[in-house]
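Here's the structure, in structure tokens; my notes come after.
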Amino acid sequence: PIVTIYILGHYLEEYHDYPIIRVKRQILEHGTNKVLESGKSRFIESLTHDCIIIQIPSLKKKQNKTDELERLMDIFDLARRHQIEYDEKGLSEEYFPLLRRLTKAIEEEKVKGTMDVEDEIIETFKQKETEIEKALEIAAQERKRAEEKEKLLEEEKKRAEEERKRAEEKEKLLEEEKKKAEEKEKLLEQERLKLIETAKYLKSLNVDIEIIAKTTGLPKSDIEKL
């Protein structure tokens, strides 16, 4: 069976408080999700595997490392930059070969050169990633400003539309008032003409001008001119 070990230079957000995580398989019956406890199957063991996830930043955050494996994993602290200064005291002898192999690998010029090249590549990627993040941040800010400007323009357009609508309504009301005033003026003119006709008729009958004025409401000067 294969056991995969992932040594992460970052931590998983959901499990950031746990430096070392074991992921173990379970064999389930599909219909009921019941865990089957029938022992290991050679066929299944050959196809699938468990894994161990080691989160270096979580190891660095943990102050008191009581677990021997956690103390050993401090070796892989990415801040060490190809240097190992580690006290073997407190570790089981079974871990000594690993420490010696790592120390020997770092001392070899070819391996060291390869690691330096890898560091340069990683640093280049980090710089590029930082540049991309900054560019994305600037783009996001510009997009936000553009959206805010568009929103302000939309609100201004809406206000202008409302003003235009109010102006049209006001103009319509004024037009209606004007129309009503004209109709009223027309009716008054018609009424005045009727009164003049009445006054003419009464005058033709030699009715006293004083009486005609009181009856029609027309001025005596106007009646005299008829």
Item to complete: Kindly write out, for region 154-161 in residue order, the coupling ³J(HN,Hα) from the Karplus curve 6.51 cos²θ - 1.76 cosθ + 1.60 (θ = phi - 60°), rounded to whole Hz, with x marking Gly and Pro.
Response: 5, 5, 5, 4, 5, 4, 4, 5
Worksheet, complete the sentence: Rounded to whole Å², per residue accessible area for the chain with a 1.4 Å probe reads 85 Å²
Response to the item:
Carbon and sulfur atoms account, in whole percent of the 1.4 Å probe accessible area of the chain, for 54 percent
Fill in: Length gained when the stretch Lys203-Glu14 is fully extended (0.36 nm per residue, less Cα-Cα span)
57.0 nm
Worksheet item: What distance in nm separates the simple spin-label points at Glu185 and Leu136, each placed 7 Å from Cα in the Cβ direction?
Response: 7.3 nm
Fill in: Principal axis box of the chain, alpha-carbon based, largest edge first, Å
148, 53, 33
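Among DSSP beta bridges lying fully in the chain, give the percent that are antiparallel, nearest 5.
Details: 5 of 11 bridges.
In the chain, DSSP labels about 45 percent of beta bridges as antiparallel.
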Worksheet item: Points 7 angstrom from Cα along the Cβ direction at Lys151 and Ser92: gap in nanometres?
Response: 6.0 nm
Item to complete: Taking a cut-off of 22 Å between Cα atoms, list the lysines near Lys104, but don't count ones fewer than 8 places away on the same chain.
Response: Lys89, Lys112
Fill in: FRET efficiency, 1/(1 + (r/R0)^6) with R0 22 Å, evaluated for Ile7 and Val111 via beta carbons
0.80
Response to the item:
Along region 49-56, Karplus-curve 3J(HN,Hα) (6.51, -1.76, 1.60; θ = phi - 60°) to the nearest Hz, with x for Gly and Pro, reads 8, 7, 8, 10, 10, 10, 9, 4
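The values are calculated or read from the model by the stated rules, or taken from the named source; none is laboratory data. Everything numeric here is computed off the predicted structure, so don't read it as measured data. Don't worry about glycine lacking a Cβ; one is built from the backbone with ideal geometry, like all the others, and counts go over all protein chains shown. Side chains are part of the model used for accessible areas, which takes the heavy atoms of the whole protein and leaves out ligands, DNA and RNA. Shrake-Rupley method; radii C 1.70, N 1.55, O 1.52, S 1.80 Å.
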